[in-house]
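Reading through the structure tokens given below for one structure.
The values are calculated or read from the model by the stated rules, or taken from the named source; none is laboratory data. Nothing here was measured: the structure is a model prediction, and the numbers come from that model. Don't worry about glycine lacking a Cβ; one is built from the backbone with ideal geometry, like all the others, and counts go over all protein chains shown.
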Amino acid sequence: MQKTTKGFTLIELIIVVGIIAIISAIAIPAYTGYIKTAKMSEAYNNLAALRLAEEEYFTENNSYFFGTTTAILESNSSGLWTAAKGGNGLVNFKYEVTNASSWTATATGDRTGTSTFGESVSISK
């Protein structure tokens, strides 16, 4: 009578674990890059809205609004601009507009522990 064994050998399990490790080593950095790109779109969208608000404010007041924090910008824009929140329900970037005559707007990631922390995007007139 021949004894049949069921299950996997140690070599088979080691090979499967190795394959999973290789796939993970490739997939996790790619996934992190996609997440960062998606989060940066929040900054691009808010800066595009800020550009439109600056131009509308200029047509009404003959000057541009500026500020060093997101809250000051929202206040100085006379209700024309509000920073849109990200997927986590928070504003993930600090927005700043310098020079009221010919403005430059900058968005800098300010959520510690996120992939966009310290990343910066700028637009200017």
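Being at pLDDT below 80 and surrounded by 13 or more Cβ atoms within 10 Å (Cβ to Cβ) is the filter here; which residues of segment 77-89 pass it?
G86
Would you be able to tell me the number of residues in segment 85-94 that are assigned to a loop (DSSP other than H, G, I, E, B) and of a type in the set (D, E, K, R)?
1
Each row is one residue, and each column tells you yes or no for (1) assigned to a helix (DSSP H, G or I); (2) in contact with a Leu (Cβ under 7 Å, 6 or more places away or on another chain); (3) closer than 21 Å to S122 by Cα.
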position	(1), (2), (3)
I20	yes, no, no
S24	yes, no, no
T32	yes, no, no
M40	yes, no, yes
R51	yes, no, yes
L80	no, no, yes
A83	no, no, yes
E96	no, no, yes
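If only one of L47, L13 is modelled with pLDDT of 90 or more and surrounded by 12 or more Cβ atoms within 10 Å (Cβ to Cβ), which one is it?
Result: L47 is the single residue among L47, L13 that is modelled with pLDDT of 90 or more and surrounded by 12 or more Cβ atoms within 10 Å (Cβ to Cβ).
Given the conditions (1) in contact with a helix residue (DSSP H, G or I) (Cβ under 7 Å, 6 or more places away or on another chain); (2) more than 30 Å from S115 (Cα to Cα); (3) of a type outside the set (A, V, I, L, M), report the number of the one that G67 does not fulfil.
The failed condition is (2).
Between residues in segment 103-115 that are farther than 21 Å from S77 by Cβ and residues that are aromatic (F, W, Y), which pairs lie under 8 Å by C-beta distance while being six or more apart or on different chains?
Pairs that qualify, where the first residue is farther than 21 Å from S77 by Cβ and the partner is aromatic (F, W, Y), are G109/F93; G109/F117; R111/F117.
Looking at segment 56-65, which of the residues that are surrounded by 14 or more Cβ atoms within 10 Å (Cβ to Cβ) and free of Cβ contacts under 8 Å to residues at least 60 places away in the same chain is nearest to N99 (Cα to Cα)?
That would be F65.
Restricting the search to segment 1-32, which residues are farther than 30 Å from T114 by Cα, within 44 Å of the chain's Cα centre (by Cα) and of a type in the set (G, A, S)?
Across segment 1-32, there are no qualifying residues.
Counting just the residues of segment 98-125 that are of a type in the set (G, A, S), touching a Phe, Trp or Tyr at 6+ places or on another chain (Cβ under 8 Å) and in a strand (DSSP E or B), which one comes out surrounded by the fewest Cβ atoms within 10 Å (Cβ to Cβ)?
Going through the qualifying residues, I end up with S124.
Within segment 66-76, how many residues turn out to be of a type in the set (A, V, I, L, M, F, W, C) and surrounded by fewer than 16 Cβ atoms within 10 Å (Cβ to Cβ)?
Residues meeting the conditions: 2.
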